[in-house]
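A.B. asks: I have a structure I would like to understand better, so I am pasting it below and will then ask my questions one at a time.
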Amino acid sequence: MKKTAIILIVNIFVLSSVYCQDIKTGEGESTILLPTTNIGVDVGKASLTFKTNNFPQSKLKPNGFIWGLDVMGKSKEGLSNIFSGSEIVPTSSISTVLGYSFSNSDEISDDYTSKYAKILKDSLNSLSNSFRKSFGADIISEIYKIKSDSAKKYILSKVVPALKVNLNKYEKLQKLLEEMSKDETLQPEIVTSAKTLYSYMKENQTWKEIKSLKVKLESGIENVGSEEYWKLTIYGHFGIKGEKFNIFKGWDSTNIENSFEKETFSGNSGGFGVNYLFNSKWIVGFRYTYQETNNLDELSTNDYKVTTTFTQNTSVGTTQISKTAYPNKYKTAYLNRYDFDLIRFINIGENNVIIADLYLRINESTNQDNLVSYKDLGLSSSFFNMKGKFIGGIYLELPDFEQSVERRKAEEEQELKDWYNRLTFGIYVKYSFSSLANLF
Amino acid sequence: MSKVKCEITYPSQLISKIGEFEINHKESNEKIKESGCLIVTNNNINVDIMLHVVGILFGPKNAKCYMDVYVDGEKVNSTPIESKFKKESGIQLFNWMA
C-alpha cells in the first residue's frame, strides 16, 4: 500500500510539470536563461526541481533586472533505489541568478507605433473631431429634408439607433443606407431617400479623407522598415550543493560500524554568463563557473550487507543491515567550467518550432589527480508545439570527447574507442498541465 | 468614449520581449495576466470612426500570437486575430483595424 502510494505520488509529480519547457543540453544546465517556472521530476536522475524567476514579467520592459532561483533535490543512486530498500544518497542544490537585460525593443516599437503614428495622429484626430461634431447632425438634417413623412419616419427609426452604436458607427450607417437603397420590399419613397442619403455620405469630403487615412495608416505600418531586434543579458550566478554519503574504509572486524564513514560534502559555485539574442533567430550563450566539487561522478557505489549472528540459550538469531557506500577514493576538486551554447530557432511547417542547441562544456580541473579535466560536445533539438500542449526532443552527445578519463588510466586498462562508438543519444518528453487536461 | 481591452495569447518560451501596444494611437496599459497571456487596456478610446490596434511582440516566425478585442465588454472580432511576422526585424506584429 505504502509502495503504491509512493508510486502514485511520484507519478503525480512526473505528470505535473508546470511550464517545464526546458531545452536539453546533456549534463549541466544551459547557459541560456529561459523563462521557466518549473516543478518537475526527472525519473532517470531521480531529481525533483523547483524553478522560479521574474523572466516573464521582465519581458514588458526593454531593459531591466532579472532574477531566478533553482532548487533541486536528488537521489544520487536513481529512483529505483527508493524502492529497492537500499539507502538513498541525497543531493540537494540551490542556485541563484541575478542579471540585467538590455534590448532595442523600445526603438523598434517606436518605429511601428509612436514614430509613424504621430505623423497621422494629429490629422486623424482633427478629421475625427470635425466629423463627430457635424456629421451626425448633418445626416439628421438631410433626413428632415425628405418630403414623404412615412419615409422620413421610417429612415429616422433606423438611423437614430445606428448613430448610438459605438464601434464604426458611420461605416455601419453607410452600409445600412446602402442596403435600404437596394431593398425592393420597401416603399419607393424610402428607397429613393436612402439612395440620396447614401450618396451624400459617400461624397462627403471628410468621410473620404478618413477612409483614405485608414488605408494609409494600415498599409503604412505594414511597410515600416526597422532595425534588427537584439537582446543582451549579462548575469552573475551563485550556487550551493550538498551531498551526504557513506565511504567504505575497509572491514573493521572489531567494530563493523567503523568500516563505514559518513561524509558530508558542501560545495559552492559562482561565476557569470552572457546571452545575446538577435533577429529572434539566434542566441549565443557563454557561462563561466568556478566550482568546488568532488569526484563522486567518477565512482560507483556498492551495497554492503552485514549479518550478525547471536545465540541466546538454545536460540540462534541473525540481524542484517545494508549499507550503500562509495569506495575510499573520494576526493574534492575545483573546476573552471566554460560552457558555450549556440541556439537556432528553426521553423517547421506553419505552426511548430525546433530549438536546436549546439553546446560545448569545458571542465578544467585545477588538480588532475583528484578530478580529470574533460570536454563534452552535443547537439539537442527541442520541439515546440505552438499550442504549448507538448514538448519533447532528441539529443546527441559526445561525452569527454578527448577521452581524458580513459587516457589517465594505465595503458593496459585504457579502453579508447572511436568517436562514433562513444556517441550517446536520447529522447526526452515532458507534459504540461494543459496537455494532461486535454487527455481526459 | 469606450473601454477597449485586447487579450493576447503568445507562446511564452519563444517570445523574448513584449513591445508597445497602442489603441487608436494612444499608449495603453499592458499587464501579464499569466505566463503566455497579455492584457492591454485603455478605458478612454473614441471608436466612432475606427478602432486601430498596433502592437509588437519579439519572437521567431512560427511564434504566432493571437488577439481578441473587446469594446465595452463586447468581443468585436469574429475569429482570433493572428500576428504577422516581420522578417527584417524579427518581430510579431499586430496591425488590426475595425
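A.B. asks: From B:Ile15, B:Ile8, grab the single residue that is within 10 Å of chain A (Cβ to nearest Cβ), touching a Gly at 6+ places or on another chain (Cβ under 8 Å) and at negative phi.
C.D. replies: Details: B:Ile8 fails: within 10 Å of chain A (Cβ to nearest Cβ).
After ruling out the rest, the residue left standing is B:Ile15.
A.B. asks: Same structure again: Only one of these conditions is not met by A:Lys241: (1) charged (D, E, K, R); (2) without any contact (Cβ under 8 Å) to a residue 60 or more places away in the chain; (3) within 27 Å of A:Thr91 (Cβ to Cβ). Which number is it?
C.D. replies: (2)
A.B. asks: Moving on. Is there a residue in region A:171-190 that is within 14 Å of chain B (Cβ to nearest Cβ), under 17 Å from A:Ser141 (Cα atoms) and touching a residue at least 12 places away in the same chain (Cβ under 8 Å)?
C.D. replies: For region A:171-190, residues within 14 Å of chain B (Cβ to nearest Cβ), under 17 Å from A:Ser141 (Cα atoms) and touching a residue at least 12 places away in the same chain (Cβ under 8 Å): present.
A.B. asks: To continue, here is another question. Any residue in region A:351-361 that is modelled with pLDDT of 85 or more, among the small types (Gly, Ala, Ser) and closer than 23 Å to A:Lys329 by Cα?
C.D. replies: No, region A:351-361 contains no residue that is modelled with pLDDT of 85 or more, among the small types (Gly, Ala, Ser) and closer than 23 Å to A:Lys329 by Cα.
A.B. asks: Just checking, does region A:222-231 include any residue being under 30 Å from A:Tyr290 (Cβ atoms) and surrounded by 16 or more Cβ atoms within 10 Å (Cβ to Cβ)? Quick ask: steps written out before the conclusion?
C.D. replies: Restricting attention to region A:222-231, the residues satisfying the condition of being under 30 Å from A:Tyr290 (Cβ atoms) are A:230-231.
This time we only want the ones that are surrounded by 16 or more Cβ atoms within 10 Å (Cβ to Cβ), so: A:230-231.
There is at least one residue in region A:222-231 that is under 30 Å from A:Tyr290 (Cβ atoms) and surrounded by 16 or more Cβ atoms within 10 Å (Cβ to Cβ).
A.B. asks: Follow-up. Could you list, in sequence order, the residues of region B:46-74 that are more than 7 Å from chain A (Cβ to nearest Cβ), of a type outside the set (Phe, Trp, Tyr) and over 30 Å from A:Lys208 (Cβ atoms)?
C.D. replies: B:Leu57, B:Cys65, B:Asp68, B:Gly73
A.B. asks: Can A:Asp376 be described as among the acidic types (Asp, Glu) and under 30 Å from B:Tyr10 (Cα atoms)? Explain how you work it out, then say what you get.
C.D. replies: On the way: among the acidic types (Asp, Glu): yes; under 30 Å from B:Tyr10 (Cα atoms): no.
Here the answer is no, as A:Asp376 does not meet what is asked.
A.B. asks: Tell me, which residue of region B:78-95 that is more than 9 Å from chain A (Cβ to nearest Cβ) and modelled with pLDDT of 90 or more is surrounded by the fewest Cβ atoms within 10 Å (Cβ to Cβ)? Even if it seems obvious, please write down each step before you answer.
C.D. replies: Keep residues of region B:78-95 that are more than 9 Å from chain A (Cβ to nearest Cβ), which gives B:78-83, B:94.
Filter again for modelled with pLDDT of 90 or more, leaving B:79-83, B:94.
Working: B:Thr79: 7, B:Pro80: 14, B:Ile81: 19, B:Glu82: 13, B:Ser83: 23, B:Phe94: 23.
That would be B:Thr79.
A.B. asks: Hey, A:Trp230 hits all of (1) closer than 22 Å to A:Phe278 by Cα; (2) at pLDDT below 85; (3) of a type outside the set (D, E, K, R) but one; which does it fall short on?
C.D. replies: Every condition holds for A:Trp230 apart from (2).
A.B. asks: I'd like the residue in region B:18-44 that is at the interface with chain A (Cβ under 7 Å from one of its Cβ atoms) and of a type outside the set (Gly, Ala, Ser) and, out of all such residues, is surrounded by the most Cβ atoms within 10 Å (Cβ to Cβ).
C.D. replies: B:Ile18
A.B. asks: Also: Take the residues in region A:313-339 that are more than 20 Å from A:Glu292 (Cα to Cα) and hydrophobic (A, V, I, L, M, F, W, C); name whichever of them is nearest to the other protein chains (Cβ to nearest Cβ). Spell out how you get there, then give the answer.
C.D. replies: First pass over region A:313-339, keeping only residues more than 20 Å from A:Glu292 (Cα to Cα): A:313-325, A:327.
Next, from what is left, pick out any that are hydrophobic (A, V, I, L, M, F, W, C): A:316, A:321, A:325.
Numbers: A:Val316: 64, A:Ile321: 48, A:Ala325: 42 Å.
Residue satisfying both the conditions and the ranking: A:Ala325.
A.B. asks: Going through region A:194-243 one residue at a time, which ones are in a helix (DSSP H, G or I) and either under 30 Å from A:Val97 (Cβ atoms) or more than 14 Å from every other protein chain (Cβ to nearest Cβ) (or both)?
C.D. replies: So the first thing to find is which residues in region A:194-243 are in a helix (DSSP H, G or I), and the list is A:194-203, A:205-222.
Correct list: A:Ala194, A:Lys195, A:Thr196, A:Leu197, A:Tyr198, A:Ser199, A:Tyr200, A:Lys202, A:Glu203, A:Gln205.
A.B. asks: Please pick out the residue among A:Ser157, A:Ser126, A:Ser141 that is surrounded by fewer than 13 Cβ atoms within 10 Å (Cβ to Cβ), under 26 Å from A:Leu213 (Cβ atoms) and modelled with pLDDT of 75 or more.
C.D. replies: On the way: A:Ser157 fails: under 26 Å from A:Leu213 (Cβ atoms); A:Ser126 fails: modelled with pLDDT of 75 or more.
Among A:Ser157, A:Ser126, A:Ser141, only A:Ser141 is surrounded by fewer than 13 Cβ atoms within 10 Å (Cβ to Cβ), under 26 Å from A:Leu213 (Cβ atoms) and modelled with pLDDT of 75 or more.
A.B. asks: Let me ask something else. Given the conditions (1) surrounded by 12 or more Cβ atoms within 10 Å (Cβ to Cβ); (2) in contact (Cβ under 8 Å) with a residue 40 or more places away in the chain, and given that A:Asn328 satisfies all but one, which numbered condition is not satisfied?
C.D. replies: (1)
One line per residue, one yes/no per condition, for (1) touching a strand residue (DSSP E or B) at 6+ places or on another chain (Cβ under 6 Å); (2) of a type in the set (S, T, N, Q); (3) over 30 Å from A:Lys164 (Cα atoms):
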site	(1), (2), (3)
B:Ser16	yes, yes, yes
B:Ile23	yes, no, no
B:Lys33	yes, no, yes
B:Leu57	yes, no, yes
B:Val71	yes, no, no
B:Ser83	yes, yes, yes
B:Leu93	yes, no, yes
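The values are calculated or read from the model by the stated rules, or taken from the named source; none is laboratory data. None of these values were measured; they are calculated from a predicted model. Glycine also receives a Cβ, built like all others from the backbone with ideal geometry; neighbour counts cover every protein chain displayed.
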